[in-house]
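Here the structure comes first, spelled out in structure tokens, and everything after it is commentary.
The values are calculated or read from the model by the stated rules, or taken from the named source; none is laboratory data. Treat the numbers as computed from the prediction; the structure is a model and nothing was measured. Glycine also receives a Cβ, built like all others from the backbone with ideal geometry; neighbour counts cover every protein chain displayed.
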């Protein structure tokens with residue numbers, strides 16, 4: 001859909017399904033995790049040992065995230081990629097976000 005919440009949910013769902021990320025990993029993504037120039041995505045694992053994994057950024061995922069960043073994400077001092085729609089804080093619950 002074209003509603004802001006749908007655009008955000010689409011980007012989140014793409015990250016969950018294409019890369020098999022955990023909800024906690026999506027929630028903790030920061031803007032610098034996306035290397036647009038080299039088309040890479042860096043994931044810092046949140047389970048047990050903190051380790052970094054680097055993925056090639058697929059075009060559909062990149063387009064979904066970029067659409068969210070350009071059209072929906074409010075300007076904010078937070079570095080988290082996914083914020084509440086009013087930009088007051090990072091999102092807390094991925095399940096609530098995508099179950100609507």
- Note on the structure: Within the range 53-64, the count of residues that are surrounded by 12 or more Cβ atoms within 10 Å (Cβ to Cβ), touching a residue at least 24 places away in the same chain (Cβ under 8 Å) and either under 9 Å from residue 11 (Cα atoms) or out of contact with any strand residue (DSSP E or B) (no Cβ under 8 Å at 6 or more places or on another chain) (or both) comes to 4
- Query: Can you name every residue in the range 1-37 that is part of a loop (DSSP other than H, G, I, E, B) and surrounded by 14 or more Cβ atoms within 10 Å (Cβ to Cβ)?
  - Reply: 21, 22, 28, 29
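Specify which of the listed residues (40, 89, 67, 100) is at pLDDT 95 or above, under 22 Å from residue 3 (Cβ atoms) and either out of contact with any strand residue (DSSP E or B) (no Cβ under 9 Å at 6 or more places or on another chain) or surrounded by 11 or more Cβ atoms within 10 Å (Cβ to Cβ) (or both).
Working: 40 fails: under 22 Å from residue 3 (Cβ atoms); 89 fails: at pLDDT 95 or above; 100 fails: at pLDDT 95 or above.
That would be 67, the only listed residue that is at pLDDT 95 or above, under 22 Å from residue 3 (Cβ atoms) and either out of contact with any strand residue (DSSP E or B) (no Cβ under 9 Å at 6 or more places or on another chain) or surrounded by 11 or more Cβ atoms within 10 Å (Cβ to Cβ) (or both).
Kindly establish whether residue 27 is touching a strand residue (DSSP E or B) at 6+ places or on another chain (Cβ under 8 Å) and at pLDDT 90 or above. Steps first, answer last, please.
Values: touching a strand residue (DSSP E or B) at 6+ places or on another chain (Cβ under 8 Å): yes; at pLDDT 90 or above: yes.
Yes.
State all residues of the range 74-95 that are part of a loop (DSSP other than H, G, I, E, B) and within 11 Å of the chain's Cα centre (by Cα); if no residue qualifies, say none. Please lay out each step first, then the result.
To start, the set of residues in the range 74-95 that are part of a loop (DSSP other than H, G, I, E, B) comprises 74-79, 81-82, 84-89, 91-93.
Those that are part of a loop (DSSP other than H, G, I, E, B) and within 11 Å of the chain's Cα centre (by Cα): 81, 82, 91.
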- Residue that is modelled with the highest pLDDT, among those in the range 50-64 that are over 13 Å from the mean Cα position of the chain (by Cα) and in a loop (DSSP other than H, G, I, E, B): 58
